[in-house]
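Chemist: Provided herewith is a single structure, encoded as structure tokens, for subsequent inquiry.
The values are calculated or read from the model by the stated rules, or taken from the named source; none is laboratory data. Since the structure is predicted, the reported quantities are computational estimates derived from the model, not experimental observations. A quick note on method: Cβ atoms are made from the backbone with ideal geometry, for glycine too, and the neighbour counts reach across all protein chains shown.
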Amino acid sequence: MPRYKRVLLKLSGEVLAGTAGFGLDRERVHELAAEVAEVARRGVETGIVLGGGNFIRGLSEAARHMDRVTADHMGMLATVINALAFQDALEKLGVATRVMTAIEMRQVAEPYIRRRALRHLEKGRVVLFAAGTSNPYFSTDTAATLRALEIRAQILAKGTRVDGVYDKDPLKHPDAVLFERISYNEVLARGLGVMDATAVAMCRDNGLPVVVFNLNVPGNILRVVEGEPAGTLIAEG
């Protein structure tokens, strides 16, 4: 039985690339879409923000010598590509969807309008929020937090390549310790890079709980929605 009525999923763009590390892995996209479809079928109103790191991010190595604003806009467009691919996979599974973009491109998707997004969710459509906030210098973590607050999501669930929040990078340090629960302030004080600091502060200031979980573990999305232990909960201390 789902614990949450409305959730915002932040899904890593890198995970969509599968083992290739770049672009879109069709099988991986469809596997994740199947998990989201199961969540939607259980009556959970679902919003999704996809990262663009499988193509380019404003702070990535590929963007190092570019103008930051240009690179960030390229990253926003990458999230639109991912949203359209994910929409296609969901619709093949019979799930009604809408892609809404912060940068207007009416031939491709609806412009983001909060009240319209809420109406789509109420009608049971999965809404994919693309193009970040339309502003450079803001990460997709911050965009996900903003959208979660705007749609009044009960939780922000961030899917990554690791099992949750660690005291140091587990991809570099085998002795890294996983937290089951940690406060917003501790995440900020320790400088833990699991989320953009702006996003963590916004969640703290508005009382939005965050679950960070491993997107590569099958069934984890549903576990999070049902309130089962999966990853790390970031909440008030």
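Chemist: Could you go through the range 143-151 and let me know if any residue there is farther than 25 Å from residue 57 by Cβ and either at pLDDT below 95 or of a type in the set (S, T, N, Q) (or both).
Modeler: Keep residues of the range 143-151 that are farther than 25 Å from residue 57 by Cβ, which gives none.
Checked against the condition, which is being farther than 25 Å from residue 57 by Cβ and either at pLDDT below 95 or of a type in the set (S, T, N, Q) (or both), the range 143-151 yields no hits at all.
Chemist: Just the residues that are surrounded by fewer than 20 Cβ atoms within 10 Å (Cβ to Cβ) and part of a loop (DSSP other than H, G, I, E, B), please, taken from the range 163-178.
Modeler: Across the range 163-178, the qualifying residues are 163, 167, 168, 169, 170, 171, 172, 173, 174, 175, 176, 177.
Chemist: Sticking with this structure for a sec: If I ask for residues that are modelled with pLDDT of 90 or more, part of a loop (DSSP other than H, G, I, E, B) and out of contact with any helix residue (DSSP H, G or I) (no Cβ under 7 Å at 6 or more places or on another chain), which ones from the range 9-65 would you list?
Modeler: Of everything in the range 9-65, those that are modelled with pLDDT of 90 or more, part of a loop (DSSP other than H, G, I, E, B) and out of contact with any helix residue (DSSP H, G or I) (no Cβ under 7 Å at 6 or more places or on another chain) turn out to be 12, 17, 22, 23, 42, 43.
Chemist: Only one of 52, 13 is buried (at least 20 other Cβ atoms within 10 Å of the Cβ), within 23 Å of residue 219 (Cβ to Cβ) and under 14 Å from the mean Cα position of the chain (by Cα); which?
Modeler: Of the residues listed, the single one that is buried (at least 20 other Cβ atoms within 10 Å of the Cβ), within 23 Å of residue 219 (Cβ to Cβ) and under 14 Å from the mean Cα position of the chain (by Cα) is 13.
Chemist: Within the range 152-162, take every residue that is crowded, with 17+ Cβ neighbours inside 10 Å and modelled with pLDDT under 95 and give me the one that is nearest to residue 4 (Cα to Cα).
Modeler: Per the criteria, the residue is 160.
Chemist: All but one of (1) in a loop (DSSP other than H, G, I, E, B); (2) in contact (Cβ under 8 Å) with a residue 24 or more places away in the chain; (3) of a type outside the set (S, T, N, Q); (4) at negative phi hold for residue 199; which doesn't?
Modeler: (1)
Chemist: Now a separate question. Filter the range 100-137 down to the residues that are assigned to a strand (DSSP E or B) and not aliphatic (A, V, I, L, M) and list them by number.
Modeler: Within the range 100-137, 101, 110, 111, 129 meet the criteria.
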